[in-house]
């Protein structure tokens, strides 16, 4: 079984000096806190950086391999391109120190300075040469979404390099209405992912990008599968505003992307299978964070899906996404 959605925070992450840069406050041998200036962002455990802890949890969950992704708060998209490339290089090299402890089981994905297409392509190529297998990107850079020209250029480069791309929502706009109860994560993240998928569909970006591009989305693709019918209806009924730039309605492009299984209930999992196809849903856990699924893959294994579909979701689709 292959888990395509897990995260890393390297223990050697340096303090970069800026007040808003994330840095690690080590609280004990096995705990730390990601800080933004003097504010706590997230408390973490050594599962984020200790390969032995990670491997023990994988064994407990019967997971054979994990894709190890950057934690989005470290993307550095707010920096200028040169500095962001430096930050990405530091994070990527430190990630390899973690995954090198079990290269047969831990599959590293890099990050890139997505705000500059040329710099992003250079860091991707450097990371691939060093041993990374794919790349994780945020779903937007400031107000530039996945259909912006720079990101399209980068995605085309990924297709040319036959590299899988995993898209993770991040940088939700804080607001008083979403401050309590983690609503920024519970509502904002699914909405961000749906927004990005609709922009790719309605802008015509999917029509421009090669079908060979292997593009994955976190958290079951957010709200997209559940609300694709509403988007299709708007595409049909208001072609002047909604459908003018794309060849097909949004649901047509659902089979162009992989989505992970971190949706926690069988009814939600079945919506994903119905919307995207049983060959496009992959096991994902969001390990090691509290909003993730433990044991990893439980919703798939405990479901009433046929055994052949379970096999696709637990391993075969991930092998295809990874290009292995």
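Where a number appears in this text, it was derived from the coordinates with a stated rule and is not lab data. These numbers come from a predicted model, not from an experiment. Because the Cβ atoms are built from the backbone with ideal geometry, glycine has one as well, and the counts that use them run over all protein chains shown.
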Looking at the square roots a ≥ b ≥ c of the eigenvalues of the Cα gyration tensor of region 126-281, which shape do they give, rounded for a/c under 1.5, prolate if a/b is larger than b/c, or oblate? rounded
Where does the chain land at 222 nm, in deg cm²/dmol rounded to the nearest 500, when only DSSP H runs of n ≥ 4 count, each adding -39500 (n - 2.57), divided by all residues? -10500 deg cm²/dmol
Which translational diffusion coefficient, to the nearest whole µm²/s, is obtained for region 75-216 from the Stokes-Einstein equation, given a Kirkwood hydrodynamic radius over C-alpha pairs, 25 °C and 0.890 mPa s? 155 µm²/s
Alpha carbons only, please: Rg and Dmax for region 56-117, in angstrom. 13.8, 42
Where labels lie 7 Å past Cα in the beta-carbon direction, separation of residue 161 and residue 104 in nm: 2.8 nm
Percent relative contact order of region 207-324, based on C-alpha pairs within less than 8 angstrom and at least six residues apart? 25 percent
Inter-site label distance for residue 184 and residue 244 at 7 Å from Cα along Cβ, in nm: 3.6 nm
Take the alpha-carbon positions of the chain, form their convex hull, and give its projected area averaged over all directions (one quarter of the hull surface) in nm². 16.0 nm²
Share of Cα-Cα pairs in region 237-324 beyond 23 Å, whole percent, is 32 percent
For region 58-103 versus region 172-210, the gap between their alpha-carbon centres in whole angstrom: 23 Å
Go ahead and set up a Gaussian network model of the chain, Cα springs under 10 Å, then flag whichever of 22, 103, 72 fluctuates most. 103
Rounded to the nearest 0.05, what FRET efficiency do residue 43 and residue 316 have when you use their Cβ-Cβ distance and R0 = 22 Å? 0.05
In nanometres, what is the gap between the two model label sites at residue 16 and residue 56, each 7 Å from Cα along Cα-to-Cβ? 3.2 nm
Quote the FRET efficiency, to the nearest 0.05, computed for residue 173 versus residue 308 with a Förster distance R0 of 56 Å and r equal to the Cβ-Cβ distance. 0.85
Where the Cα pairs of region 231-272 fall when distances are cut into 10 Å bins, in %: 26, 36, 28, 10
Could you tell me what a quarter of the Cα convex hull surface of region 26-157 works out to, in nm² with one decimal place? 9.0 nm²
With the contact rule set at Cα under 8 Å and sequence spacing of 6 or more, what percent relative contact order holds for the chain? 16 percent
